[in-house]
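K.L.:
Take this structure first; my questions come after.
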Amino acid sequence: MHEQAPAAARGLWRDAGRRLMGNPIALATLGVIALVALLALLAPALSPWGYDSLDWEHLAVPPGGRAAHWLGTDRLGRDLFVRTLHGVRVSLLLSVLASLVSLVIGVLWGAVAGLAGGRTDGWMMRLVDVLYSLPYLFIVIILTTLWQRGSIAVLLLALGAVGWLTTARIVRGQALALKHREFIEAARAVGVPAPAILLRHIVPNLLGPVLVYATLIVPQMIVFESFLSFLGLGVQEPHASLGNLILVGAQEMESAPWMLLVPAAFLVVLLICFNFLGDALRDAFDPRER
């Protein structure tokens, strides 16, 4: 009986994939995200300028100006097109990796708590409640200031280490609903050990809701990373992220508004696309929501 679970899970993923591919909004948002990510990867080949190259002859040139600076330059003559795409690459990389760290910790923590039940579940979730009561950004700011400020590795760990709490709660609820299903009881009856039940039956059957939530974690991480960089606690010069580009642009908003509008536009587009994608995934995995 427990062999029915993997087949049902595969059927769910196939049906969700068909519904997702039939959703024009989902396809459009996937296309925009893929295009932005591709541009960020190809940025060095799309312009003769590097993200830290200085063009002293063209300082604060507006978009459409001279010397092939398509989106203009900043006060130091650095190409805003290349720097923005470099910032998108850094922000996306940090956000996706931090989301993966959060998901791995949250899925394992919530699945173990839900499957174990009893006192183990109680103690594990009380720790989650305690961490939930602490200000999220305050913890991240403390971690980034205690260790090496501006280190991408430290920023990644700081974002990922405290972003798993909601995932743990969601997964724990799903695990509690799954642990009394027939295929789990059958696996227990034939002597399958608890770790194998967790990895073979519990985790694969709750990946749908986790995937939906993952599309919401990524834009949250983009916002948090941008906010930390805006405060000067994130990515440091000469490297660029959307946060520190927006910080510089806000300081020059009156005299050079393109320095704010260009990175802000990329940030808004990414946030909108990831949120639309999350809605489309939710509909795909639960067609009753449509």
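The values are calculated or read from the model by the stated rules, or taken from the named source; none is laboratory data. Since the structure is predicted, the reported quantities are computational estimates derived from the model, not experimental observations. Cβ coordinates were reconstructed from backbone atoms using ideal geometry, including for glycine residues, and neighbour counts include every protein chain displayed.
K.L.:
If you take just the helices (runs of 4 or more DSSP H) that sit entirely in segment 130-247, which of them hold at least 1 residues that are under 27 Å from V268 (Cα atoms) and acidic (D, E)?
P.N.:
Counting at least 1 such residues, we get 207-230.
K.L.:
Check E254, E225, E237 and return the single one that is among the acidic types (D, E) and at pLDDT 80 or above.
P.N.:
Unique residue meeting the criteria: E254.
K.L.:
Can you find even one residue in segment 60-78 that is of a type in the set (S, T, Y) and closer than 30 Å to I217 by Cα?
P.N.:
no
K.L.:
Then there is this: Scan segment 109-117 and give yes if some residue there is under 21 Å from S229 (Cα atoms), at pLDDT below 85 and either in contact with an Asp or Glu (Cβ under 6 Å, 6 or more places away or on another chain) or assigned to a helix (DSSP H, G or I) (or both), otherwise no.
P.N.:
no
K.L.:
Any residue that is part of a helix (DSSP H, G or I), free of Cβ contacts under 8 Å to residues at least 60 places away in the same chain and crowded, with 20+ Cβ neighbours inside 10 Å - is there at least one of those in segment 249-261?
P.N.:
The answer is yes, given that some residue of segment 249-261 is part of a helix (DSSP H, G or I), free of Cβ contacts under 8 Å to residues at least 60 places away in the same chain and crowded, with 20+ Cβ neighbours inside 10 Å.
K.L.:
Which condition number in (1) closer than 20 Å to E237 by Cα; (2) surrounded by 18 or more Cβ atoms within 10 Å (Cβ to Cβ) is the one that V61 fails?
P.N.:
V61 satisfies all of (1) closer than 20 Å to E237 by Cα; (2) surrounded by 18 or more Cβ atoms within 10 Å (Cβ to Cβ) except (1).
K.L.:
Moving to a separate point now. Exactly one of these conditions fails for V104: (1) within 30 Å of A175 (Cα to Cα); (2) surrounded by 16 or more Cβ atoms within 10 Å (Cβ to Cβ); (3) modelled with pLDDT of 85 or more. Give me its number.
P.N.:
Among (1) within 30 Å of A175 (Cα to Cα); (2) surrounded by 16 or more Cβ atoms within 10 Å (Cβ to Cβ); (3) modelled with pLDDT of 85 or more, V104 violates only (2).
K.L.:
What are the pairs with Cβ atoms under 7 angstrom where one residue, in segment 32-46, is closer than 10 Å to V82 by Cα and the other, located anywhere, is of a type in the set (A, V, I, L, M, F, W, C) and part of a helix (DSSP H, G or I)? Sequence gap at least six, or different chains.
P.N.:
So the pair list comes out as L39/L85; A40/L85; A40/V88; A40/L92; A43/V82; A43/L85.
K.L.:
Looking only at segment 25-52, which residues are crowded, with 16+ Cβ neighbours inside 10 Å and assigned to a loop (DSSP other than H, G, I, E, B)?
P.N.:
Passing the criteria: S47, W49, Y51.
Results for (1) aromatic (F, W, Y); (2) within 28 Å of A161 (Cβ to Cβ), shown as yes or no for each residue.
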site: F224; (1), (2): yes, yes
site: G234; (1), (2): no, yes
site: L242; (1), (2): no, yes
site: G249; (1), (2): no, no
site: E252; (1), (2): no, no
site: W258; (1), (2): yes, no
site: L267; (1), (2): no, yes
site: L270; (1), (2): no, yes
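K.L.:
Could you run through segment 64-95 and say how many residues are surrounded by fewer than 17 Cβ atoms within 10 Å (Cβ to Cβ) and modelled with pLDDT of 80 or more?
P.N.:
Within segment 64-95, residues that are surrounded by fewer than 17 Cβ atoms within 10 Å (Cβ to Cβ) and modelled with pLDDT of 80 or more number 3.
K.L.:
List every residue pair whose Cβ atoms lie under 7 Å apart, where the two residues are 6 or more positions apart in sequence or sit on different chains, the first residue falls within segment 149-172 and is at pLDDT 85 or above, and the second residue, located anywhere, is among the basic types (K, R).
P.N.:
Here the result reads none, with nothing in segment 149-172 linked to a residue that is among the basic types (K, R).
K.L.:
How many residues does segment 116-135 contain that are β-branched (V, I, T) and under 13 Å from R172 (Cβ atoms)?
P.N.:
Residues meeting the conditions: 2.
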